[in-house]
Amino acid sequence: MESSLEVVSKVHLKGEEERFTGDGSVDLHGKPAIRDKTGKWVAGIIILLNQGLDTLAFFGVGVNLVLFLTRVLQQDNADAANNVSKWTGTVYIFSLVGAFLSDSYWGRYKTCAIFQIIFVVGLVLLSLSTQIFFLKPHGCGNESSNCESHSRWEIILFYISIYMVALGYGGYQPNIATFGADQFDEEHPKEGHSKVAVFSYFYLALNIGSLFSITILSYFEDEGMWTLGLWASTASAFAALLLFIGGTKRYRHFKPSGNPLSRFCQVFAAAAKKVSVGFSPGDVHLCEDDAKENSNTGARKMLHTHGFKFLDRAAYITSRDLDHMKENARNPWRLCPVSQVEEVKCILRLIPIWLCTIIYSVVFTQMASLFVEQGDAMNTEISNFRIPPASMSSFNILSVAFFIFLYRRVIDPLVFRIRGKSLTKLQRMGIGLVIAILAMVSAGVVECYRLKYARKDCRHCQRSSSLSIFWQVPQYALIGASGVFLYVGQLEFFNAQAPDGLKSFGSALCLTSISLGNYVSSLLVSIVIKITSENNMPGWIPGNLNKGHLDRFYFLLAGLTAIDLVQKWMFDSVNYPPFCLTN
């Protein structure tokens, strides 16, 4: 029997375990995080509010950017749509920069703070330059009056401003989602449930934050009050920065784990050097992880899996390695520990799923470009009030809020009751692709009817069709529903499967798929215009949409998404081993 002293000692140790988090997180001073004084929903709500305010600021620029380019900078529809796609794509390319700096050197808190400062500076520069240089004559840029032409250096200043905004928001975005999840200990049952839920609320905060932009700010900007809208975005970003800094003492942190590129290169180099070495498939001769190194970075040890067996050679201990280890420390370019090899395997397993999300991003980006141009060519008036075409995205946001509530409160419990388990993240992503196909079909059908009621000989496309803009509601609502299943599922999946030292990179992969989707959209639009406008034909997407066939482009996207769904199903059917197991 145990003595009373042993019982007291075990109770004390259990109490100490409950006092501190079990996932390796630390406080502001680098000490183990105390559960009751750090993290949880106090910190989580601060981060969600910060996300909402920054998203409001970002969409205050992005949602009407296509109209700014056409009305203020006098670009045609195709060029404006392509420039918006390129800019949006660059936003998410910068997410890789932010993720790299966060995981490698700065940590998520410092990275978020620095990029938010860049974001605010970019917005200030854009607001000032618009107020001073671009709105000439005063009040131009509304539906009825275009602005004068601008000098080369003014155009350069504009692009510097918006790409500073892209850098700031892009570098911040992958880290804030992961930083929000960091505030919950997945080793704790209650906090682990909250950690999963925070991604849905993160996506909801992102959409609610954009609601003000695409309604109130969109209305002011559509009426030509660009300066007011941009300064409102700047104020929102500045408030978000102050709020984020104000919660500093409450946050939980994870230590950066060093440059992942060198770790990846070491694995491939070590495996390549042992191609000719006789290799045993067992785990007996594999290099175990350095406990001291793991404790310094807070990363947990990863168990060996049997996929990508070629890479296991990097952890295989040869007689030469043993002799070298007796004399000196382990050579990381010849021998890598198991966890380092498994890091590479985890990322390689994510790539096929990541590739399948790019076409969905092509569909998603149409809300900020062709959906707006389509709406601008419809009947946008109710009595004497004109509905800004970009504000139709509010139906996407309302759909997101509705379907997040519906999934978490109705669908998920019902599926669990029927199947005994919830839908997997990959299954939810597949459902999102199906809904995205329906969204494009809906947009194509609406365009067919818009053309039916349009004046073909109009000089300007605005309000040239008598079909009400509210016929766009289904396509926006379906895009919102698809995002709840695909984007949230993707964010949860990549964050869960990414190794401890690459969590921000996992979130950045989600955003990079959006980036590539924008570039693919821009390329696809250019190819379609080139092919369909031969022999002096107006093409599918001309400057005057009433002379084109935008509906065919939407149906093309529906077909490509269907092909993407089949490819994803093929990848899902592969018998993947469990991802990134930790002890």
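The values are calculated or read from the model by the stated rules, or taken from the named source; none is laboratory data. These figures come from a predicted structure and were not determined experimentally. FYI the Cβ positions are ideal-geometry reconstructions off the backbone, even for glycines, and counts take in every protein chain you see. In case anyone asks, the SASA skips ligands and DNA or RNA and just uses the protein heavy atoms, side chains included. Shrake-Rupley method; radii C 1.70, N 1.55, O 1.52, S 1.80 Å.
Summary table
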item: Förster-model FRET efficiency, 30 Å R0, F470 and V97, C-beta, rounded to 0.05; result: 0.15
item: Whole-number Å³ per residue for the convex hull built on Cα positions in segment 373-475; result: 116
item: Degrees, to the nearest 10: 550-573 long Cα axis against longest axis of the chain; result: 10
item: Of all accessible heavy-atom area on segment 304-357, the percent that carbon and sulfur account for (1.4 Å); result: 59
item: Theoretical gain in end-to-end length, K452 to R330 [0.36 nm per residue, Cα-Cα removed]; result: 36.6 nm
item: Calculated P(r) of the chain - Cα pairs past 35 Å, %; result: 43
item: Distance in nm between pseudo-label sites at I34 and F310 (7 Å out along the Cβ direction from Cα); result: 5.2
item: Structure-based [θ]222 nm, the chain - -39500 (n - 2.57) summed over DSSP H runs of at least 4, per residue, nearest 500; result: -21000 deg cm²/dmol
item: For the chain, with +1 on Lys and Arg beta carbons and -1 on Asp and Glu, the positive-most of G543, V415, P260 along the dipole; result: V415
item: In Å², nearest 10: area of L48 left accessible to a 1.4 Å probe; result: 30
item: Table column - 3J(HN,Hα) (Hz), segment 24-41, Karplus curve with 6.51, -1.76, 1.60, x for Gly and Pro; result: x, 6, 10, 8, 4, 9, x, 8, x, 6, 7, 4, 7, 9, 9, x, 6, 6
item: Residue-normalised accessible area of segment 233-272, given per residue in Å² at a 1.4 Å probe; result: 41
item: Inter-probe distance in nm under a simple model that places probes 7 Å from Cα toward Cβ, at I563 and A113; result: 4.8
item: Percent RCO, i.e. relative contact order, over segment 164-268, from Cα pairs under 8 Å lying at least 6 residues apart; result: 23
item: Crossing angle, helix 473-497 versus the chain [Cα axis fit, 0-90 degrees, rounded to tens]; result: 20
item: For segment 48-93: rounded, prolate or oblate by the Cα gyration tensor [a/c cutoff 1.5]; result: oblate
item: Local net charge near G489, Cβ-Cβ under 11 Å (Lys/Arg +1, Asp/Glu -1); result: +1
item: Area accessible to solvent at W153, 1.4 Å probe radius, in Å²; result: 140
item: The chain: relative contact order as a whole-number percent, Cα under 8 Å and 6+ apart; result: 21
item: Heavy-atom accessible area ranking, 1.4 Å probe, most first, across I479, I114; result: I114, I479
item: Derived scalar couplings ³J(HN,Hα) [segment 183-195; Karplus, 6.51 cos²θ - 1.76 cosθ + 1.60; whole Hz; x for Gly, Pro]; result: 6, 10, 8, 5, 7, 9, x, 5, 5, x, 5, 5, 4
item: Within the accessible area of segment 157-225 (1.4 Å probe), percent carbon and sulfur; result: 72
item: Distant-in-sequence amide H partners of G141 (H built 1.01 Å from N, under 5 Å); result: N146, C147
item: Inter-label distance, nm, simple model (7 Å from Cα along the C-beta direction), E381/I418; result: 4.8
item: Crossing angle, helix 503-532 versus the chain [Cα axis fit, 0-90 degrees, rounded to tens]; result: 30
item: Contour excess over end-to-end distance, with Cα ends at L228 and N536 and 0.36 nm allotted per residue; result: 106.7 nm
item: Cα-based shape type of segment 230-272, given that a ≥ b ≥ c are square roots of the gyration tensor eigenvalues and the cut on a/c is 1.5; result: oblate
item: Heavy-atom accessible area ranking, 1.4 Å probe, most first, across E143, E191, E186, E148; result: E148, E186, E143, E191
item: Test item: Cα-centred dipole of the chain, Lys/Arg +1 and Asp/Glu -1 on Cβ, debye; result: 400
item: Given K86/K110; K31/K255; K86/K425; K37/K503; K40/K190; K110/K301, the pairs whose alpha carbons are separated by over 18 Å; result: K86/K110; K86/K425; K37/K503; K110/K301
